[in-house]
Structure formats: C-alpha cells, structure tokens
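Inspection log for the structure reproduced underneath, given as structure tokens.
What follows draws every value from the coordinates through simple rules; no lab data is involved. Quick caveat, the model's predicted, so the values are computed rather than measured. Don't worry about glycine lacking a Cβ; one is built from the backbone with ideal geometry, like all the others, and counts go over all protein chains shown.
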C-alpha cells in the first residue's frame, strides 16, 4: 500500500509460448525465469499482493515452489495465441473481487523482463499515485533512432519516418522512447475493462535499458545471463 492506495500486481505467465518452449520456466542463469519476477514483487515495499495468472499446472507448480502466489487458474480461452494480456488482467482483478479483495491500482509485471528490480516497481507506484494519473507504462530510450529509419514508396524511393532532416550530430538527435514491457499500471475504476490498452499508458516511467531487456529469443537469454553474472560479481565484491 502507498498513501492508502491498495496495489495488486499480476504476473501473466501462460503455458503456450512458441519462440522459446516453456519460456516462463526456462532455466535462465541457473533459475527458472519466473523466479526473477516473483523475487522482484517480493522486494517491493508497496505491493499488497502479487498473483500469477497462468493456465499451466507446470508453471503453477514451479511458481509455488519459489514462493509465487497462484490462487486460481486462468481459463484456457484466455491463454490462446490470440488472447490479449488485458484479458488475463481483468480476469484476475474480477476473480479476486469475487472473494472480497478490491484494489485501487493493478500493476502488470511481465515475466520476460527479469532484470527489473523491486525498487523500479516502487518508484513507478510512487509516480502514478503522486501524479493522480490513470495509467503508467515503463519506457526506455531507443538505441535505433527513428530519425534514421525509412519507409519505401511504391516506386522504390525512400520516405523519412520522421518529418525532419537526419543531417545532424547524433548527440543532437531528439530523445525517443519505446514501451519496454517491464511495468504497466492501470487505475481500477469504471473505465478499466477489456478495451484498456496496457501499452498506451499516459505517464512515463523511464528505465535504464539494461534493466528492461525483454526475452524474445535465445540470444536475449545470453544477454540477460551476462548481466546476471555481473550483478553476482558486484554483490560478491561488496561482501568481501
């Protein structure tokens, strides 16, 4: 709870991942991927509860083994390739409401962003509650700048993506950000429903890029493991 506002976190973790089979419990740096997000939620000062929404009994078993809270199973029809994340979030909010648990905000913390920390969660909660905005999404500065991107016209000529010249020093490029999938927060009010767009949150919470790496493929896992090893080395050196 922060300033008398109750905060629910939902960790979506469906079983039918395609790119990396069983991605949500895939071994990353010696631990199942889902453990990093479970630990992140536990390290938050403000989350009143963090639940895992899954349709997979295997994910449920692994999550609970590492201290995760799986109070219900997600219906199969909400775990299809065509299902939207917001479907599972609304289901979680409504299911808890049926047993008398109501919250002021719901936070979505994607399991595929394992380097995000508990203090990121808390900073984002402080930001949205203090601002009184209805929605927040975490972003990180883009590395591939859109000023250098082009689309193709039908005749094969190039068209600038942005209506400006790219003839300038890179350090003078205007900053652009992308939604990184690490954190999203929505106020639970009369406008919160299946039409809510998680990625279109109004308030920005800016994260350093190394914390917001999203696992889409096996190369991403290797990058994550590199940073995890660096973190462990730093922790080890601090204890000496």
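Brief remarks follow.
- Potential lengthening between residue 119 and residue 31 on full extension [0.36 nm per residue; Cα-Cα distance subtracted]: 29.6 nm
- DSSP beta bridge pairing in the chain, given as percent antiparallel to the nearest 5: 55
- Cβ crowding within 10 Å ranks 82, 37 as 82, 37, fewest other Cβ atoms first.
- q = 0.10, 0.12, 0.15, 0.16 Å⁻¹: log10 I(q)/I(0) that the Debye formula gives for the chain, counting C-alpha atoms only: -0.53, -0.74, -1.08, -1.19
- Counting neighbouring beta carbons within 10 Å and listing from fewest to most, the residues 54, 140 come out as 140, 54.
- Result for the chain in a Gaussian network model with C-alpha springs under 10 Å: among 220, 48, 155, the largest mean-square fluctuation is at 155.
- For 239, 1, 107, 164, the sequence from fewest to most other C-beta atoms within 10 Å is 239, 164, 1, 107.
- For residue 200 and residue 238, a Förster radius of 35 Å and the Cβ-Cβ distance give a FRET efficiency of 0.30, rounded to the nearest 0.05.
- For the stretch 173-240, the spread of Cα positions along each principal axis, largest first, Å: 53, 31, 28
- For the stretch 111-240, the spread of Cα coordinates along the three principal axes comes to 60, 47, 30 Å, biggest extent given first.
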